[in-house]
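Encoded as structure tokens, the structure appears first; notes follow it.
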Amino acid sequence: MRSRKLIIITFILLLFTIPPILLYNQYFVKTPIKINVAFISHYLAPDAIAFKSLIERWNPSFQKIGFYVNVIDFDKESILPTILSSKNSSIDIVVVTNFNFKVILPYLLPLNTSLAERFYEKAIDTFYNNGSLYALPFHASFPILVYNKNYIVEPPKSFNQLILMAKNFSKKGNPKSPTEYGLAIYSLEGRHSSLVFQSLYENLGGQILTANSTIKFLSNETIENLLSIYSFLIEEKISPPEIMHLESSVLNDEFIEEKFPIMIQWNYALYTLFNHRLENIGIAPIPSNLMLPSSVGYLMAFGICKSSKNVVLLIKFLEELYNPKFLKGLVETGFFPPIKGLSNIFESNILYLEEKIFYESYKNCVNEKFSNKFYETFSKYLTWYLEKRISENEFIKLISGIN
């Protein structure tokens, strides 16, 4: 009888004890902190939708270590300084590039330089200021030569070889050519076509100088030579006549359709091309008349905002990004993280060649406050020239006046 009463008393005590324990777990287990990432889509890289999808797959893992990521897509990059300067800004991490670094630098927090050890020096030099590091890159974007290995056995090494090869693969230059055109150079109006032009200009031996809030192309003769090459390619139907209006995705489509066997395209295009499971793709540096070719590009990086209250977790996020588990997701989404030995981690021949081109040829575009305006304006004038609205001399005069 006593034992029965004891069991009943114990049961009643448990009823009063268990709920408080459950309530403790419910109200005292820490909720993951939200990290707001300001993402910018107007680059030749995976857009905000692709990045959001990637983050959604990662968030369950991030939540286990105390945070989750919320991606905010900014359509207009120009409004970033206004938002970051606001006392009510909720942005924790912002995408930093060569074009906006100096503009938003006052709102960024210096990082521990030990975080930079895994990156190529040229990938982080851009984001140093007065000895302090302010951002870690997650994507490098740069122009490369893409060719169809069914037609091209060895890629051209010099610029002259490129033009001769392209002429031979155009119907006008060679009626027996299997392709309509021989070469497509990315020329769509916008800063990207300016960087392609700068790459070609430097590969022809031209030099630039940054001074007095502008970028000076020092060799008018080299500019005239390059402009005449652009015109020659269009007039002789070696390149599509509407080349200045073709987006990167359209160039990819026409390359897949074998309208031309060679193109000077941005490395992000490789993601689309390989999604079509094309096995006949070859890539190489842009042909150059110099010993070392030049591929002028830019970087996308993550910087921590000074106004954020969760710096420890933000640094944890940046550290996690470059672990193989998450690094693989970046690569498979189409990003090219400029990390030493990236191709060794994933054992990809194309990734190896892409990394090799970056290491040997990549050069940062000018990253000053005026960079974006200069490259955008330069491209507008280049489009005018390709549309035959201005002459070579007028083009040179116009770009000399950009400030």
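Every number here is computed from the coordinates shown, using simple stated rules; none is lab data. It should be emphasised that the depicted structure is a prediction, and the values quoted were computed from it without experimental measurement. So basically every Cβ, Gly included, is an ideal-geometry build from the backbone, and we count neighbours across all protein chains shown.
Structure notes:
- Sole residue being of a type outside the set (D, E, K, R), under 22 Å from the mean Cα position of the chain (by Cα) and surrounded by 14 or more Cβ atoms within 10 Å (Cβ to Cβ), chosen from Leu227, Leu233, Leu204, Leu273: Leu273
- Unique residue being without any contact (Cβ under 8 Å) to a residue 12 or more places away in the chain, on the phi < 0 side of the Ramachandran plot and not charged (D, E, K, R) when the list is Pro155, Pro175: Pro175
- With respect to the conditions (1) within 25 Å of the chain's Cα centre (by Cα); (2) farther than 23 Å from Leu273 by Cβ; (3) of a type in the set (S, T, N, Q), Asn174 lacks only one, and its number is (1).
- Under the condition of being touching a helix residue (DSSP H, G or I) at 6+ places or on another chain (Cβ under 7 Å) and in a strand (DSSP E or B), the residues counted in the stretch 260-289 number 7.
- Residues of the stretch 130-152 satisfying the condition of being at positive phi and not small (Gly, Ala, Ser): Asn130
- Search result, residues across the stretch 166-203 that are among the charged types (D, E, K, R) and part of a loop (DSSP other than H, G, I, E, B): Lys171, Lys172, Lys176, Glu180, Glu189
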